[in-house]
């Protein structure tokens, strides 16, 4: 009875007021044959003390970014989270409230969302951002569906092979039963060739999906790719890395039509993959095709500025079967955390963190490839990740052996890319120190040496 | 145009048919005052594309209030030859002058059969009285 | 008492040169940036974010938070959202580094404890559902619906059956028909009887061999258990269709009856409702689904398996619909659900539903004479009252009542949903409220119905703002702040 308030006396008084003899009678509408005989088969209840011990025991069985050194990336990163983010986001007024259906009682959340939307437009250079999606992958899928609706084209959706493979899988799942064909353009050189795109794109193509920096960490030639898309009236959807915009040109300045991102790196925990933050921003002209919640500014009856959810006729609760998306919840708490993070780092902090990522990544790449066994798979500029090829082709042993030494060395690419089965992806955030990077290089260089010489 | 002289669809669009210079029939389509009033606080209209072929009964536009969205249906068969662009920026015209300045689209009719399905003003007024009840 | 600066925007508080977070100087040998990153790809200046000091930011957000009602501060009977108390212990435990600071691509051997939690949560959800297999991947209830309908489509395609429609009762949440469309089906609406149940005659008329799935919420959005559920499921199964149960209202039936026993083939849970994940001002939720054995091959990848003494992730599932999101799911929300279920155990969960239903019936009995409940004197965990009589007698709408309740310190019920009740006020008190709170809420409703109509029309009076102009917001949408002092763009 951990969180219940009704005493036995309360229950009796309430039943009397209802005119029921027992609580059981309140369930009379459930037919007898459906009533569970006996109890659910669940483990016994735990007190707070027991639960804490139990979960601590299970937590202690895991490596974490606290007791291991994390060089893992691929859409989730061990970035620094300032204390203010947790302090504010853990206020009950934020995290135990819900969707601001009553604006008079939700100005805190609504203003925070309006500020989040503005921060995302400042970050991306796009005209308008919505109040968030589940994660980067579903934001990309919803952007593709949005492009299909906006162009009215029921044909092709092109995606670069350098887009995160899980994002491409999610887009494929979402398109499975819709009138559109997803085609992946190979990127053997580590980035999409604008000429190759121009050679295949046509007027049946609704949109092109590109990631920059891409899944391999490499930069794409977004302006040339966007020009190729626009030449045939297709939309450009760009998956971006929010922190990269401390240095890189913004999607809006590159001419992109819809920009989406994973917002985990903006003050949100890795949490084994979720909850995360799907960022989606677009041109003004596309706003009525944009899914998800939107906060808007207006005035109240006294003429004071205030905020409401707006353009709700786009959404499922009004449009029902005609809605192009069924999204209902957003990731409000994670959007709040992202907004606090962006406010804390500001323009200078964003430039600093991006620069640290670039410098440390370059250093790590140089240190790792100092061993003859390792080379870079792609000779291209990168932001905070790069692909390492193991000439011995023993990636999974390498990763396991490093993990046993407390180093989470990289993400093997074998499950996703046949031609990169001897490769792994290394990410270096601003949190990694020179000692840790040197440790990684040493750990990799010393692993499996006997085997490696026999294959040399 | 006087409301008494128009034809009406059960979905609340009005129609006025006239001959163009070449002798073809052009239907001017709008939304009845009753429908505009019951939608309240209009905020947005999506107009059909000029050149689009439509069938009678097909949705060819949408009209939105703050918390509702309604289809606008073509009452006739034909090709959309003109839309009332002014409505995009001045939705008030729909409520202030639904039968003149608030027209929605003009359709060059390919077939007149659909006209037989439409109501005259008296029949339409009866429908509205029933719905308002 | 309110800080006048509290409603200024971050951007209006910004002063060039202020800073909060700074990063360490670079400790690796620095190279010329031009060598690492081509000039053509780089921006001349960083994005024009606001410039603020840490104390500014803390005061700004702390003040903003006071403009919200929340479960921690107010009674929040928002129907269909299950706004129950969010245990503080769960927050603390979910933040343990071994659960929160874990990367999704860590080798399985380094996350055995977490995989164990998730695996066991799956088993517990299957037991509560009365179904066989679970996917924790969907990120929200609506995505759980989509996942299940995509699985149904794959299942029927496998069987060579051409099924194109999904039946959805008219009282359903809007996500149901929207999901059907997203999954490539045509949504067909089923009517309700005056008691609020599915109209079996309408079902008979619309049920044919083209129906893939019937989506049903039971207890439904009127807060009623539809006792015809077994017959409905049998009829759908007899025509080869599947039954999907929208688990939005599981808070009424934990340990009392199970969707699988009712005949459902698939369902989703809303852990942020039923298992008390905090709602976070709109999310995150989670939407794990449970299905019958014959649908298991179609579940999204990966699935967690206990095999030869260890947990691993299985990706090689040829019939799977694929992925519906990146990584494993909303693990943080799922860990809280695990903590919640482990705190309660079987008897505790049953107590949750018993008290949720008791509280709702008690409140119903207190308010029905002023706010009639069209669908009867008894309910499950929530009920839908109608302000129609107040509207015709006194000109007060459901909206007016909702706004005036804010002045009394209560969050408003859900208004104007479900669509089948006029002037609807959907009230869900949850089990984590006391009789005194419910009495206080009922007393406020009584007083409101006696107050001068003008006073109620103008409500709310005590909130930080009065009623906003939503027409203006929608006609000329302003969705971002713009710097009017500078000629930006």
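The values are calculated or read from the model by the stated rules, or taken from the named source; none is laboratory data. Here the structure is a predicted model, which means the values were calculated and not measured. Note that we place each Cβ from the backbone using ideal geometry, even for glycine, and neighbour counts take in every protein chain shown.
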Of C:387, C:398, C:473, which residue is at the interface with another protein chain (Cβ under 9 Å from one of its Cβ atoms), touching a strand residue (DSSP E or B) at 6+ places or on another chain (Cβ under 8 Å) and buried (at least 24 other Cβ atoms within 10 Å of the Cβ)? C:473
Suppose the filter is at pLDDT 95 or above, buried (at least 20 other Cβ atoms within 10 Å of the Cβ), within 11 Å of another protein chain (Cβ to nearest Cβ) and under 24 Å from residue C:87 (Cα atoms); does residue C:431 pass it? yes
Which listed residue, of C:404, C:447, is assigned to a helix (DSSP H, G or I) and within 11 Å of another protein chain (Cβ to nearest Cβ): C:404
All but one of (1) more than 19 Å from residue C:122 (Cβ to Cβ); (2) facing chain A (nearest Cβ under 9 Å); (3) modelled with pLDDT of 95 or more; (4) in contact with a strand residue (DSSP E or B) (Cβ under 8 Å, 6 or more places away or on another chain) hold for residue C:300, so report the exception by its number. (1)
Qualifying positions in region C:110-122 - more than 22 Å from the chain's Cα centre (by Cα) and either at the interface with chain A (Cβ under 7 Å from one of its Cβ atoms) or over 23 Å from residue A:73 (Cβ atoms) (or both): C:110, C:111, C:112, C:113, C:114, C:116, C:117, C:119, C:120
Among the numbered criteria (1) in a helix (DSSP H, G or I); (2) in the same structural domain as residue C:280 (by TED's automatic domain parsing); (3) crowded, with 21+ Cβ neighbours inside 10 Å, which one does residue C:106 miss? (1)
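Residue by residue, here is whether (1) touching a strand residue (DSSP E or B) at 6+ places or on another chain (Cβ under 8 Å); (2) in a helix (DSSP H, G or I); (3) crowded, with 17+ Cβ neighbours inside 10 Å holds:
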residue: C:120; (1), (2), (3): no, yes, yes
residue: C:124; (1), (2), (3): no, yes, yes
residue: C:143; (1), (2), (3): no, yes, yes
residue: C:147; (1), (2), (3): yes, yes, yes
residue: C:172; (1), (2), (3): yes, no, yes
residue: C:187; (1), (2), (3): yes, no, yes
residue: C:196; (1), (2), (3): no, no, yes
residue: C:201; (1), (2), (3): no, yes, no
residue: C:205; (1), (2), (3): no, yes, no
Being facing chain A (nearest Cβ under 8 Å) and within 27 Å of residue A:76 (Cα to Cα), is that true of even one residue in region C:124-140? yes
What number of residues within region A:115-128 are facing chain C (nearest Cβ under 7 Å) and either more than 26 Å from residue A:432 (Cβ to Cβ) or surrounded by fewer than 24 Cβ atoms within 10 Å (Cβ to Cβ) (or both)? 7
If a residue counts only when it is in contact with a strand residue (DSSP E or B) (Cβ under 7 Å, 6 or more places away or on another chain) and within 14 Å of chain C (Cβ to nearest Cβ), which helices (runs of 4 or more DSSP H) contained entirely in region A:145-246 have at least 3 such residues? A:165-175, A:222-231
From the list A:375, A:369, A:355, A:361, pick out the single residue that is surrounded by 21 or more Cβ atoms within 10 Å (Cβ to Cβ) and touching a residue at least 12 places away in the same chain (Cβ under 8 Å). A:361
Please name all residue pairs, on different chains or six or more residues apart, with Cβ atoms under 9 Å, provided the first residue is in region C:236-253 and is on the phi > 0 side of the Ramachandran plot and the second residue is in a strand (DSSP E or B) and surrounded by fewer than 24 Cβ atoms within 10 Å (Cβ to Cβ). C:240/C:211
Given (1) without any contact (Cβ under 8 Å) to a residue 40 or more places away in the chain; (2) crowded, with 24+ Cβ neighbours inside 10 Å, number of the condition residue C:348 does not satisfy: (2)
Taking only region A:195-209 into account, find how many residues are under 16 Å from residue A:220 (Cβ atoms) and either in contact (Cβ under 8 Å) with a residue 40 or more places away in the chain or under 29 Å from the mean Cα position of the chain (by Cα) (or both). 6
Out of all the residues in region C:87-99, is one or more within 7 Å of chain A (Cβ to nearest Cβ), outside any helix (DSSP H, G or I), more than 30 Å from residue C:295 (Cα to Cα) and in contact with a helix residue (DSSP H, G or I) (Cβ under 9 Å, 6 or more places away or on another chain)? yes
Only one of C:179, C:164, C:147 is over 20 Å from the mean Cα position of the chain (by Cα), under 24 Å from residue C:239 (Cβ atoms) and in the same structural domain as residue C:302 (by TED's automatic domain parsing); which? C:164
Can you name the residue in region A:63-100 that is without any contact (Cβ under 8 Å) to a residue 24 or more places away in the chain and part of a loop (DSSP other than H, G, I, E, B) and is also farthest from the other protein chains (Cβ to nearest Cβ) among such residues? A:90
If only one of A:7, A:96, A:47, A:69 is crowded, with 22+ Cβ neighbours inside 10 Å and more than 29 Å from residue A:352 (Cα to Cα), which one is it? A:96
Is it the case that region A:125-135 has a residue that's in the same structural domain as residue A:287 (by TED's automatic domain parsing) and part of a helix (DSSP H, G or I)? no
On the basis of being crowded, with 22+ Cβ neighbours inside 10 Å, out of contact with any helix residue (DSSP H, G or I) (no Cβ under 9 Å at 6 or more places or on another chain), within 23 Å of residue A:380 (Cα to Cα) and assigned by TED's automatic domain parsing to the domain that holds residue A:325, does residue A:160 make the cut? no
For region B:17-132, which strands (runs of 3 or more DSSP E) that fit wholly inside it have 1 or more residues that are in contact (Cβ under 8 Å) with a residue 60 or more places away in the chain and under 12 Å from the mean Cα position of the chain (by Cα)? B:25-31, B:69-73, B:105-111
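Residues checked against (1) touching a strand residue (DSSP E or B) at 6+ places or on another chain (Cβ under 7 Å); (2) part of a loop (DSSP other than H, G, I, E, B); (3) more than 9 Å from every other protein chain (Cβ to nearest Cβ):
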residue	(1), (2), (3)
C:282	no, yes, no
C:313	yes, no, yes
C:333	no, no, no
C:338	no, no, no
C:344	no, no, no
From the list A:299, A:256, which one is farther than 21 Å from residue A:79 by Cα, without any contact (Cβ under 8 Å) to a residue 24 or more places away in the chain and either within 10 Å of chain C (Cβ to nearest Cβ) or buried (at least 21 other Cβ atoms within 10 Å of the Cβ) (or both)? A:299
For region A:23-43, name all the residues that are surrounded by 12 or more Cβ atoms within 10 Å (Cβ to Cβ) and either more than 7 Å from chain C (Cβ to nearest Cβ) or over 41 Å from the mean Cα position of the chain (by Cα) (or both). A:23, A:25, A:26, A:27, A:28, A:29, A:30, A:31, A:34, A:35
Residue count, region A:378-396 (criterion: touching a helix residue (DSSP H, G or I) at 6+ places or on another chain (Cβ under 8 Å) and outside any strand (DSSP E or B)): 7
